[in-house]
Amino acid sequence: MSDVRYPFTAIVGMADLRLGLLLNAVSPAVGGVLVRGEKGTAKSTMVRALAGLLPSIATVDGCRFACDPAAPDPHCPDGAHGGLPASERPARLVELPVGVSEDRIVGSLDLERALAEGVKAYEPGLLAQAHRGVLYIDEVNLLQDHVVDLLLDAAAMGRSYVEREGVSVRHAARFLLVGTMNPEEGELRPQLLDRFGLTVEIAATREPAERAEVVRRRLAYDADPAGFAARFAEDERALAEHITVARELLPKVELTDVALRQITAVCAAFEVDGLRADIVMARTAVALAAWAGRTEVLEEDVRKAAQLALPHRRRRNPFDAPGLDEEQLDRTLEEHAQPEEPQPQDPQPEDPRPDDPRPEGPEDDGPGPDGGGPDNGGGGAPEPAGPEAPAGADAPAPAPDAPQDAPEQQPVPAQHPAPARESAPVAAGDPYRTKLFRVDGTGKGAQGRRSPAETDGGHTIRARRPQGRLARLHLSATLQAAAPHQVARGRASRALLLQKDDFREQVRQGRESNLVLFVVDASGSMAARQRMTAVKGAVLSLLMDAYQRRDKIGMITFRGASAELALPPTSSVEVGAARLESLPTGGRTPLAAGLLRAHEVLRVERMRDPHRRPLLVVVTDGRATGARDAVAQSRRAAGLLAAQGVASVVLDCESGPVRLGLARTLAAQLGASAVTLDELRAEGVASLVRENRSTHAIRKAA
């Protein structure tokens, strides 16, 4: 790979992304930018190219934290910097890998030296390297939430804190934060989205000529990176100078009262939570004015600031897509485009009918005695309205498609059999809080909120010898391991003599995220509209639960003659909700095919991620049709999953006055628990317990 960066000015299109990055370069206080878009849209290329445009920075020689010689950090771990020589260097671009650990981000303490030598040996992390530069997080939505939160906290406060084993280190960490993500791989949670200043949605152009130019330039760059960069060197210098001029102009830009009122009115109209949106919009509007070479914020700056700062803050439901209503934005800006004038408070006259200098006459179109408007051209009676209107005069006729109470149409006669029809998808019922289903035992998967596991967080349960680099020292266990050997080691002072074999690390137990694989029966036996609405509402509720517990999810549907992997395992629960909404129903019930497909998917996922434990959720009424031995096939498939020890739950969707208990039989074959739709609701279970307790108390009192 060439060391020559692709020029920023050579990138074709992407106007909003270009503007969002440049505004953050002019004013890092905007709070960074989140770039959302499909794969292959030059997100990473543009971010890396931006670093070459940033002005060079002056740093204190020998300072690992890039302190500014004009205003050094008083808390810098490298000490005071008074009178030390300084030099200039380019601003750094620090890239954060997806699998980064917390220690690598904030830095780490050399605990062995701290205990054995009594010194605070601190190794700076990536936040220190990114100070006064660019911190780039590719695939930010794939990072663990606590890591993203840590990064955003540092970006907001401009300082990194390391608190570990009684030792405190703090240093400045001000950087331009840029994150990129592909929404297909999962969304960031709303509370983390809100911490990014701006967001930009990008997609590849569909214009053949523009796509051809992109390919042409990329091939030219790959053939001769240095020569290609030289072609755009003058444009790069001009753009870098534009950034410098805008930075110098930024403190002189005035945010007028009208512009500020428009900003706050827009944020209130779109009902964004908190006041961070107002502050970000104000900073963005000021940066836009500086970028345009103006010293006053105009309405066009406010409009563009809203388009960049508000879409990702509009989400009310975790499954909502970011967006902004442009018509509502224009209306709000127009309503608050003029300075607010104080309203005069006229004293009310004693005479309710003051003298009117106008001549009286039939032409007078002023309000009548009843306070109404003109009398409709001289005395015409007003048209009857409301209850005075003739009953049913304009009553609309019932729509032909409106649901009626009439009996349903008769089925097709048996002598003319028709193929099983596919019913149109029905909407899901409203989601609700569900019972918590866990995987038994203690896992070692990614940190989450479902099943017990050994994680980096949580509470300490025991100590062990370090597995790799020592990260979480278990102090008491280390002292206990070293104490019996002090005499043999010749201890002659108060200092404790430690060796590498003495150190012990903490083993912490928290919770992990799991792979929740849904196997949904979409056959004709589930196709009753009211029933399928309830079933989809239940699955949507379980999807919501998986979202909140940081799980990966997958979805298999079976109907007709086969099973389909409707959603491969992914972190994008939003995609799962969309697939569920469009799920058609109809046909036979190949239960065995659904279970066998689940077994295959879990086998592949076990090889890809052996530490992530699965939870199988089978949504069915337990029927098995489509083959002569369909029931026997489903039993064998269930036994195969049970033999693998797959944790399972069967959501029993059987309804009606007569129930065969087929879903519970399937649960027994899987070694799973069976839960009905009514039992799935967490509040339903709680109310049942309360009802039983109150009944017991009444009986006891009687």
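Data table
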{"read-out": "Accessible area in the full protein assembly, largest first, 1.4 Å probe, for LYS43, LYS252, LYS536", "value": "LYS252, LYS43, LYS536"}
{"read-out": "Equivalent ellipsoid, region 1-60 (semi-axes from 5 times Cα gyration tensor eigenvalues, Å)", "value": "20, 17, 10"}
{"read-out": "Unit charges at the beta carbon, dipole of region 525-665: most positive-side option, LEU641, SER525, GLN548", "value": "LEU641"}
{"read-out": "Cβ crowding within 10 Å averaged over residues, with 603-615, 280-292, 26-38 ranked highest first", "value": "280-292, 26-38, 603-615"}
{"read-out": "Heavy-atom accessible surface of region 506-596: percent carbon and sulfur, 1.4 Å", "value": "49 percent"}
{"read-out": "Base-10 log of normalised Debye intensity for region 1-154 (one unit scatterer per alpha-carbon) at q = 0.16, 0.19, 0.21 Å⁻¹", "value": "-1.04, -1.32, -1.46"}
{"read-out": "For region 198-262, fraction of C-alpha pairs farther apart than 14 Å, in %", "value": "77 percent"}
{"read-out": "Accessible surface of region 207-292, 1.4 Å probe, proportion on carbon and sulfur as whole %", "value": "56 percent"}
{"read-out": "Convex hull (Cα only) mean projected area of region 127-240, reported in nm² to one decimal", "value": "10.6 nm²"}
{"read-out": "Charge sum, other residues only, whose C-beta stays under 11 Å from ARG462's C-beta, Lys/Arg counted +1 and Asp/Glu -1", "value": "+1"}
{"read-out": "Cross-link table LYS444/LYS500; LYS500/LYS552; LYS444/LYS536; LYS39/LYS552; LYS39/LYS304, entries beyond 30 Å C-alpha to C-alpha", "value": "LYS500/LYS552; LYS444/LYS536"}
{"read-out": "Expected-Rg normalisation [2.2 N^0.38 Å, Cα atoms] applied to region 549-688", "value": "1.06"}
{"read-out": "Relative packing of 228-238, 658-668, 59-69, which averages over residues the other C-beta atoms within 10 Å, highest first", "value": "59-69, 658-668, 228-238"}
{"read-out": "Region 428-466 versus region 588-653: alpha-carbon centroid distance in Å", "value": "23 Å"}
{"read-out": "Probe 1.4 Å, accessible area per residue of region 455-513, Å²", "value": "62 Å²"}
{"read-out": "Cα centre as origin, Lys/Arg/Asp/Glu Cβ charges: region 225-333 dipole, Debye", "value": "320 debye"}
{"read-out": "Kirkwood Rh in Å, taken over all unlike Cα pairs in region 172-287", "value": "18.6 Å"}
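The values are calculated or read from the model by the stated rules, or taken from the named source; none is laboratory data. No experiment lies behind these values; they were computed from the predicted model shown. Heads up, the Cβs are rebuilt from the backbone with ideal geometry, glycines too, and the neighbour counts pull from every protein chain shown. Quick note on the areas: whole protein, heavy atoms, side chains included, nothing else; ligands and nucleic acids left out. Shrake-Rupley method; radii C 1.70, N 1.55, O 1.52, S 1.80 Å.
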